[in-house]
């Protein structure tokens, strides 16, 4: 775990999502202005039927997908999540760099606010430097 604790699947997902956003922000800071390349991250929605919840109790795994689908209306199929990823790559209206894209319940994209942790410039720099070391670039 990023904080040194025991493995927890849900926390690992959250940590990896924050690291993804930090890395995107650092790519944007380092390269967008000079290259014009767009850097973005996205939350396609809750894909409740994947193995992401495999460590939860069976009752949760059974009830969570219909809860997301019929109660919160936050459920997104794997196919829809893929379409949203393709949209970020190809839709001319989603070319703003340094953005975290999300979708509302009407499936309209919008620029989501990054959390304070995911906006931490110093933390983004540290994640970048650790990544460089891990892949042998530093």
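The values are calculated or read from the model by the stated rules, or taken from the named source; none is laboratory data. On a predicted model such as this, the values are computed, not experimentally measured, just so you know. FYI the Cβ positions are ideal-geometry reconstructions off the backbone, even for glycines, and counts take in every protein chain you see.
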message: Pull out all pairs, ordered by first then second residue, where Cβ-Cβ is under 6 Å, the residues are six or more apart or on different chains, the first lies in the stretch 1-14 and is surrounded by 12 or more Cβ atoms within 10 Å (Cβ to Cβ), and the second is modelled with pLDDT of 80 or more and in a helix (DSSP H, G or I).
response: 2/15
statement: Contact list, first residue from the stretch 115-131 and over 12 Å from residue 24 (Cβ atoms), second anywhere and assigned to a helix (DSSP H, G or I), beta-carbon distance below 6 Å, six or more apart or interchain, is 117/18; 123/22
- prompt: In the stretch 65-99, how many residues are outside any helix (DSSP H, G or I), in contact with a helix residue (DSSP H, G or I) (Cβ under 6 Å, 6 or more places away or on another chain) and within 20 Å of residue 25 (Cα to Cα)?
  reply: 2
- prompt: Which of the residues that make up the stretch 57-77 are in contact (Cβ under 8 Å) with a residue 24 or more places away in the chain and either loosely packed, with under 11 Cβ neighbours inside 10 Å or on the phi > 0 side of the Ramachandran plot (or both)?
  reply: 73
- prompt: From the residues in the stretch 32-49 that are part of a helix (DSSP H, G or I) and within 11 Å of residue 98 (Cβ to Cβ), which one is nearest to the chain's Cα centre (by Cα)?
  reply: 32
- prompt: Just for the stretch 113-138: of the residues that are surrounded by fewer than 16 Cβ atoms within 10 Å (Cβ to Cβ) and outside any helix (DSSP H, G or I), which one is modelled with the lowest pLDDT?
  reply: 138
task: Could you list, in sequence order, all residues of the stretch 100-112 that are without any contact (Cβ under 8 Å) to a residue 24 or more places away in the chain and part of a strand (DSSP E or B)?
output: 110, 111
- prompt: So residue 34 clears everything in (1) more than 23 Å from residue 14 (Cβ to Cβ); (2) surrounded by 11 or more Cβ atoms within 10 Å (Cβ to Cβ) except one condition, right? Which one?
  reply: (2)
- prompt: Among the numbered criteria (1) closer than 22 Å to residue 75 by Cα; (2) modelled with pLDDT under 95; (3) not in a helix (DSSP H, G or I), which single criterion is violated by residue 16?
  reply: (3)
